[in-house]
Amino acid sequence: MTDFPRFPPGFVFGAATASYQIEGAAHEDGRGPSIWDTYSHTPGLVANGDTGDIACDHYHRYPEDVALLRELGVDSYRFSIAWPRIVPAGSGAVNPKGLDFYARLVDELLAAGIEPAVTLYHWDLPQALEDRGGWRVRETAERFAEYTAVVAEHLADRVPRWITLNEPWCSAFLGYSVGRHAPGAREGRGALAAAHHLLVGHGLAVQALRAAGVREAGITLNLDRNLPATGSAADRAAVVRADTQHNLVWTEPLLAGRYPDTEEETWGELISGQDFRRDGDPALIGQPLDFLGINYYRPTVVADAPYREADPARRTATDNRYAEVRLEGVRHTAMEWPVVPDSLTDLLVALKERYGEALPPIHITENGSAEHDEPSADGTVHDRDRVAYLRDHLTALKSALDAGVDVRGYYVWSLLDNFEWALGYGKRFGIVRVDYDTLRRTPKDSYHWYRALIAAQRR
Ligand code: FCB
């Protein structure tokens, strides 16, 4: 018998997905275009020219996917709502067919005994809002709150757990600074403004969720465990800048009601005299949360480095005088991400040490791995590496609980192989294989392993 880590009674086991990565039906039932439609249809931006037009066709096959979840035995399913299905032009008219789709999905989940956990923004911004400035402008945060109010009004009675934003670091910095996510911009102040407006949007959305009487409101961050390449003072200072860009820019306003005191050493002139910050924003952003969602995949090793761009006027917000260094001596996944489960424990313990009582209960809202899956003739995948990854990370998570961190749930990323953003369909994170020619779903060994782990908790 496999020895599974044991979690306290009531601990939530789940699986996660996101709208643009699985739904497809890009032009159906009144859905408007999103920045990811535009980005993926721009030649050369996504590997293999892949788009989310069809994806896993979850929009039509959701009953089959809910049946897979029921069979898996999860307590909760985390999915995201496509804003452009609900408000196709980003503001103004609401599309009843979009609301109907999610109402049907929620009812199907509840009938299967699974609690829905909704993410309101997993990166598919209505294109019409990007055309008016996107997250660079405060108006987008206001539209986000309106959309949130519409969705909450329809689903608050049936959805207990609500996540405002998924990984705002990716939205702000991959989207507006690195340019490797939609909308593909490479900016300095624009990206810092986007980061701020995402936080403002979160604060306004929390107000809308409270007004609708939801049980739990929170946000999901991809916090990084940044490790110095060497013990040198310069590399340790590089870690501070990396921590500021990846972690503190979110956790300080959200959990401590202030901006990071290391922002000037990180961004220099880019951050000075920020006209997009308003009085009252820290209180709005720092409203109490019922939980903090954390997505965790890997640690990052950083070393001191010069600016990549010598001309300050052309510098982006992620050009912070550090470089990522490959961690040797450990296995790497198909994403080339190092596998270091202990760093999940360390990240959580360090977070608790820093924020103490101000740290809300935690849900790990994503964790999983892309592997070089090789299906056998019947379509099954013996994904031993993924099983080992999940087992070792759940064990590391249990160590964090034992060390006193209040972790309430864990969601595997992902239920299905899906559209992995700029990397397209080539990177497979699913515990269920999707054959993209037939759209057939086949549970992998990791699915069966996770099912057994969940079942073992209840014995
Ligand atoms: C996270 C995203 C998720 C998925 C995983 C692999 O950054 O939230 O959509 O792409 O990475």
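The values are calculated or read from the model by the stated rules, or taken from the named source; none is laboratory data. The shown structure was predicted, so the numbers you read here are calculated from the model rather than taken from an experiment. In this analysis, Cβ positions are derived from the backbone assuming ideal geometry, glycine residues included, and neighbour counts consider all displayed protein chains.
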Counting residues that are within 13 Å of the ligand (Cβ to nearest atom) and β-branched (Val, Ile, Thr), which strands (runs of 3 or more DSSP E) fully inside the range 366-452 reach at least 2? none
Of the conditions (1) in a loop (DSSP other than H, G, I, E, B); (2) free of Cβ contacts under 8 Å to residues at least 60 places away in the same chain; (3) touching a helix residue (DSSP H, G or I) at 6+ places or on another chain (Cβ under 8 Å), THR316 fails just one. Which one is it? (2)
Under 8 Å between Cβ atoms, at least 6 apart or on separate chains: pull out the pairs that start in the range 214-232 with a residue that is acidic (Asp, Glu) and end on any residue that is away from the ligand (no atom under 16 Å from the Cβ). GLU216/PRO160; GLU216/ARG161; GLU216/TRP162; GLU216/ASP290; GLU216/PHE291; ASP224/ALA242; ASP224/ASP243
Among the residues of the range 49-96, how many are touching a helix residue (DSSP H, G or I) at 6+ places or on another chain (Cβ under 8 Å), more than 23 Å from ARG428 (Cβ to Cβ), among the aliphatic types (A, V, I, L, M) and not in a helix (DSSP H, G or I)? 4
Kindly evaluate ALA25 against the criterion of being surrounded by 17 or more Cβ atoms within 10 Å (Cβ to Cβ), part of a loop (DSSP other than H, G, I, E, B), under 21 Å from the mean Cα position of the chain (by Cα) and not charged (D, E, K, R). no
Looking across the range 1-33 at residues that are within 16 Å of the ligand (Cβ to nearest atom) and among the β-branched types (Val, Ile, Thr), the single one that is nearest to VAL405 (Cα to Cα) is THR17
Taking the range 221-239 as the search range and keeping residues that are among the charged types (D, E, K, R) and more than 16 Å from the ligand (Cβ to nearest atom), which one is surrounded by the fewest Cβ atoms within 10 Å (Cβ to Cβ)? ARG236
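Condition check ((1) part of a loop (DSSP other than H, G, I, E, B); (2) exposed (fewer than 13 other Cβ atoms within 10 Å of the Cβ)) across all residues:
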residue: GLY273; (1), (2): yes, yes
residue: ARG278; (1), (2): yes, yes
residue: THR300; (1), (2): no, no
residue: ALA303; (1), (2): no, no
residue: ASN320; (1), (2): yes, no
residue: GLU324; (1), (2): no, no
residue: GLY329; (1), (2): yes, yes
residue: SER343; (1), (2): no, no
Failed condition for ALA377, given (1) under 19 Å from PRO9 (Cβ atoms); (2) modelled with pLDDT under 95; (3) of a type in the set (A, V, I, L, M, F, W, C): (1)
So if I check each of ALA388, ALA350, ALA370, which one is crowded, with 20+ Cβ neighbours inside 10 Å and at pLDDT 95 or above? ALA370
Flagged in the range 157-201 as β-branched (Val, Ile, Thr), more than 23 Å from GLY424 (Cβ to Cβ) and within 16 Å of the ligand (Cβ to nearest atom), in numbering order, are ILE163, THR164
In this structure, does HIS372 turn out to be out of contact with any His (no Cβ under 8 Å at 6 or more places or on another chain) and within 24 Å of GLY293 (Cα to Cα)? no
